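No lab work stands behind these numbers, since they all come straight from the coordinates. Remember, predicted model here, so these are calculated numbers, not experimental data. Here Cβ is always computed from backbone atoms with ideal geometry, including for glycine, and neighbour counts include all displayed protein chains.
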Amino acid sequence: MHFDLAHAVVTVTALIVTNLVLKSAGVINEENKHQWNWKVVLAYFVVVLIINLVWPI
């Protein structure tokens, strides 16, 4: 199995940035940060999809 460390680092960094953007936009707040949120799941999915479309393994 091929494991691309650079791809993993970029993906994790993009998800952290996405998380920070969602917090600053008010989608994630202290009251609901441990609850299931479809907006967060969709945002993470889109970010990972875009990374994998631009940089396929």
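Between GLN35 and ASN52, what is the label-point separation in nm under the 7 Å Cα-to-beta-carbon projection?
2.9 nm
Along the stretch 30-46, what does the Karplus equation 6.51 cos²θ - 1.76 cosθ + 1.60 (θ = phi - 60°) give for ³J(HN,Hα), rounded to whole Hz, x for Gly and Pro?
Result, ordered by residue: 5, 6, 10, 6, 9, 9, 5, 9, 5, 5, 5, 4, 5, 4, 4, 4, 5 Hz.
Return the calculated 222 nm mean residue ellipticity for the chain, to the nearest 500 deg cm²/dmol, obtained by summing -39500 (n - 2.57) across DSSP H runs with n ≥ 4 and dividing by the residue count. Could you put the intermediate results ahead of the total?
Numbers: 2 runs with 38 residues, N = 57.
One gets -23000 deg cm²/dmol as the mean residue ellipticity at 222 nm.
For the chain, take the alpha-carbon Rg, divide it by the Kirkwood Rh, and send me Rg/Rh. Could you put the intermediate results ahead of the total?
Details: Rg = 13.0 Å, Rh = 12.4 Å.
Result: Rg/Rh = 1.05.
Report the chymotrypsin sites (Phe, Trp or Tyr not before Pro) located in the chain that are in a DSSP loop and have at most 10 other Cβ atoms inside 10 Å of their Cβ, or state none. Let's see the in-between values first.
Details: sites: PHE3, TRP36, TRP38, TYR44, PHE45; in loops: PHE3, TRP36.
Within the chain, the qualifying chymotrypsin sites (Phe, Trp or Tyr not before Pro) (loop, at most 10 other Cβ atoms within 10 Å) are PHE3, TRP36.
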